[in-house]
Amino acid sequence: MANKQKIFFLIIFAEFLSGLSGCVTRSGPSQDDGLKISNSPGPDALRVSPSNITSGHASYSANGKGYKVAWFLCQIKAPTATVLIAHGEDAGFESDQFCDLPEAQAFLAAGFHVAGFNRPGFGGSTGTRDLVGKLSQQAALVAAKETLHANPSLTSTFEGAYGFGTGAASAAIFGKQYGKLKWLVLGGGIYDFEQAGRNSSDGDLITLIKKSTEREGDVAYETRSIAYDVNGLPHRVAIFQGKDDTTAPADQAHAFRDGLAASEYKVTYQEIAGIGHKINPRQLRQILDVMVTSVR
C-alpha cells in the first residue's frame, strides 16, 4: 500500500513539474498552437477613419548638436490606449499617409490611438542614419514625450509598441527606455545584429552594420541587439516571422524567443510559411489583426 501511495505521489509531482515548466517557457499560442494566420492575403479589411490627425516636430540635443524628430498621431474616439510604431530601413513615414498604413490601420481597428516617428535621416527628422543607434533611441523617447505634450486631450498613455525589421529593435529599445509598456508586437526583426551581419542576404543591411562597427567598434552590436539582454522589456511579447525571410534569418528570432521564454516572459511566436521579408500591405494588415489579439 505504501509503494502504491509513493508511485501515485511521484506521478502527481511529475505532472506538476511539467505544468510549471510549460508556464516558464512560454505562454499563449505558439507556432504549433496555430494562430489563425494564412499565408495568402485575405479580403481588404475595412478602413478606420481617425477622428483627429496631428503631426509635428520636436527639438532635442545630442553630442553638442541640435536635432529635430518628426512625429505623427492618429486618434480615434474612445481609445483604450496608445501604441507607438517604428519604421524599418526601407523608408520613414509620410505625415499624409501615416494613418493609412496597414500597421496603423490594424492598431486603430483594435481600439488604439497610433503614434509614430521618423528616426534620424528619415523623412523630416534631421541627423544621419545610425541603424537604430543611440541618436535614434533618443529620438524615439523625445517623439513619444512630445506627442503626449502636444496633444493635451490625449488621455491614454502608451501601452505597447510595434516594429518590423530594424524597427523591431527600435520598438523594443523604446520599450526598455520608456519603462511603462505592457507589450510588444515585433515582426521580421533584427534581434542580433552581429548574427544578421554574418547571415543576412541583404547586402545593404550588411553594409550598414559594417559601417556602424567601423564607427563604434563591437559596442555597436551591444547598443542595438535586444537579444543580448532581454531584461527591462515589456513582459508580453508577440513575434511573427516569415519562414522564407533571409533578410532577418529565423535562427536569430528563435534565439530571441528562447531567451525571452527562459527569462519567464510571456511569448507568442508565429512563423508563417510562404512569407519572406517583404510582405504586401493587405497581408501585413491580416497578420497584425491576428497578432494584436495575442497581446490584448
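Laboratory data are not the source of any read-out in this text; all were calculated from the coordinates shown. What you are looking at is a predicted structure, and each value in this text was computed from that prediction instead of being measured. All Cβ positions, glycine included, derive from the backbone under ideal geometry; neighbour counts span all protein chains shown.
Observations on the structure shown:
- Most positive-pole-ward Cα, 57, 124, 114, against dipole of the range 56-128 from beta carbon charges: 57
- Point-charge dipole on Cβ atoms (K/R +1, D/E -1) for the chain, about Cα centre, debye to 20: 720 debye
- In this structure, residue 51 and residue 145 have a Cβ-Cβ separation that, at R0 = 35 Å, corresponds to a calculated FRET efficiency of about 0.95.
- The range 27-293 - percent relative contact order, Cα under 8 Å, separation 6 or more: 22 percent
- Helix-derived mean residue ellipticity, 222 nm - over the chain, DSSP H n ≥ 4, -39500 (n - 2.57), to 500: -12500 deg cm²/dmol
- Positive minus negative residues near residue 80 (Lys, Arg vs Asp, Glu; Cβ under 9 Å): 0
- Above-threshold pairs, the threshold being 22 Å between Cα atoms, out of 176/266; 65/182; 65/210; 68/145; 182/278: 65/182; 65/210; 182/278
- Percentage, to the nearest whole number, of Cα pairs in the range 27-293 over 25 Å apart: 41 percent
- Relative contact order computed over the range 182-264 (Cα-Cα under 8 Å; 6+ residues apart), in percent: 47 percent
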